[in-house]
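Enquirer: Structure in structure tokens, see below.
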Amino acid sequence: SLASVAYAQENYVEEETYFSRSLEINLKLFGENSPRTEDNLRTMSFALSSQKQWAKAESYLLRAVKSAEARKGPDDYDVMMSLPLLCHLYDNWDRPDKSQPCWHRTVTLMEAQWGQNEPDVASYIDSEAKALRRLGRTSEADQLEQRSAKLKQAKMETK
């Protein structure tokens, strides 16, 4: 809560200090691979992203993803709590080389959970297509955008 107040006051140094203290406490009490620590890692990355400290934010999100993988396995839905955040970080950081494989993994995990015809996967497919387009891989991006459009159309037809 103190970190959130510091953020609202645009006191980013104090915000990071409070989040760091919270992370230290959660690490001592619950360990690296606990849901509480994972939440704290995501929050820490948000604080750093808001300051455009991309590399530091990335390190916290990578730890959060690894925490979920260690706790539940690499294909478990819990990984989805942190993985899309990591992908968005790469988008904001202008790193399509990292964003595209991240979005591809996100789409793959979502399809494993919900099926390949799930319309809610479309927005994640769009994100991967956008990264592909930024990498100059337009034909692959076109294919994904066509697939996304079909999923969105199917969703509209069921309403």
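Enquirer: Which residues, taken from the range 9-29, are farther than 13 Å from residue 51 by Cα and open to solvent by less than 90 Å² (accessible area, probe 1.4 Å)?
Expert: Selection gives 17, 18, 19, 20, 22, 23, 26, 27.
Enquirer: Also, I was wondering about something else. Name the residue that is farthest from residue 87 (Cα to Cα), counting only residues in the range 107-121 that are assigned to a helix (DSSP H, G or I) and among the polar types (S, T, N, Q).
Expert: Within the range 107-121, the match that is farthest from residue 87 (Cα to Cα) is 113.
Enquirer: Tell me the residue from 61, 48 that is in a helix (DSSP H, G or I), at pLDDT 95 or above, within 21 Å of residue 81 (Cβ to Cβ) and among the hydrophobic types (A, V, I, L, M, F, W, C), please.
Expert: Exactly one of 61, 48 is in a helix (DSSP H, G or I), at pLDDT 95 or above, within 21 Å of residue 81 (Cβ to Cβ) and among the hydrophobic types (A, V, I, L, M, F, W, C), namely 61.
Enquirer: Check whether at least one residue in the range 122-135 is part of a loop (DSSP other than H, G, I, E, B) and over 12 Å from the mean Cα position of the chain (by Cα), and report yes or no.
Expert: For the range 122-135, residues part of a loop (DSSP other than H, G, I, E, B) and over 12 Å from the mean Cα position of the chain (by Cα): present.
Enquirer: May I pose another question? Given (1) modelled with pLDDT of 95 or more; (2) in contact with a Gly (Cβ under 9 Å, 6 or more places away or on another chain), identify the lone condition not met by residue 121.
Expert: Answer for residue 121: the failing condition is (1).
Enquirer: Give me the pairs: first residue in the range 3-17 and closer than 15 Å to residue 56 by Cα, second residue part of a helix (DSSP H, G or I), beta-carbon distance under 6 Å, and six or more apart or on different chains, which are they?
Expert: 15/3; 15/6; 15/7; 15/47; 16/47
Enquirer: Under the condition of being assigned to a helix (DSSP H, G or I) and charged (D, E, K, R), which residue from the range 136-159 is surrounded by the fewest Cβ atoms within 10 Å (Cβ to Cβ)?
Expert: 157
Enquirer: Anything in the range 65-83 that is assigned to a helix (DSSP H, G or I) and crowded, with 20+ Cβ neighbours inside 10 Å? List them, or say none.
Expert: Hits for the range 65-83 are 65, 67, 68, 79, 83.
The values are calculated or read from the model by the stated rules, or taken from the named source; none is laboratory data. The shown structure was predicted, so the numbers you read here are calculated from the model rather than taken from an experiment. Don't worry about glycine lacking a Cβ; one is built from the backbone with ideal geometry, like all the others, and counts go over all protein chains shown. All accessible areas refer to the heavy atoms of the entire protein, side chains included, with ligands and DNA or RNA removed. Shrake-Rupley method; radii C 1.70, N 1.55, O 1.52, S 1.80 Å.
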